[in-house]
Amino acid sequence: MSWLSPIHQAILFAIVYFLSLIGVFLLNRREFKRAPEKGARYAALPLQYKLACWFVVVPLFAGTVLRPPLFFIAIVVFTILDAFCVRWYRKVGLL
């Protein structure tokens, strides 16, 4: 999308990021209502894991609108973060 000016790219990214955050929030809310034990595990998860999702993984996925190769990096980072979360859940006996 090099035909967009840098300011338009920033605006597009911000819109996609904001919509992605809303989407993740709504999907989590629905999933946690459907499976309360999953919601309880997520509530116990340390803040740094949640922040890594909201401020590292989601922006990487949102950035794919402007830079499609970021999708592969986002998948790798998401997988690594998920593995760390599962490891933490097992360590504290929640999984």
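Name the residue that is farthest from F71 (Cα to Cα), counting only residues in the range 1-46 that are open to solvent by 100 Å² or more (accessible area, probe 1.4 Å) and part of a loop (DSSP other than H, G, I, E, B). Looking at the filtered set, the residue picked out is W3.
Among the residues of the range 58-80, those identified as surrounded by fewer than 16 Cβ atoms within 10 Å (Cβ to Cβ) and in a helix (DSSP H, G or I) are F71, F72, I73, I75, V76, T79, I80. Taking residues in the range 77-90 that are of a type in the set (K, R), and partners anywhere that are open to solvent by less than 80 Å² (accessible area, probe 1.4 Å), not one pair has Cβ atoms closer than 9 Å while being at least 6 places apart or on different chains. The residues listed here are Y42, Y17; of these, the one that is at pLDDT 95 or above and either touching a Gly at 6+ places or on another chain (Cβ under 9 Å) or among the small types (G, A, S) (or both) is Y17.
The values are calculated or read from the model by the stated rules, or taken from the named source; none is laboratory data. This structure is a prediction, so every number in the text was calculated from the model and none was measured. With ideal geometry, Cβ positions are generated from the backbone for all residues, glycine too; neighbour counts draw on all protein chains shown. Heavy atoms of the whole protein, side chains included, go into the accessibility calculation; ligands, DNA and RNA do not. Shrake-Rupley method; radii C 1.70, N 1.55, O 1.52, S 1.80 Å.
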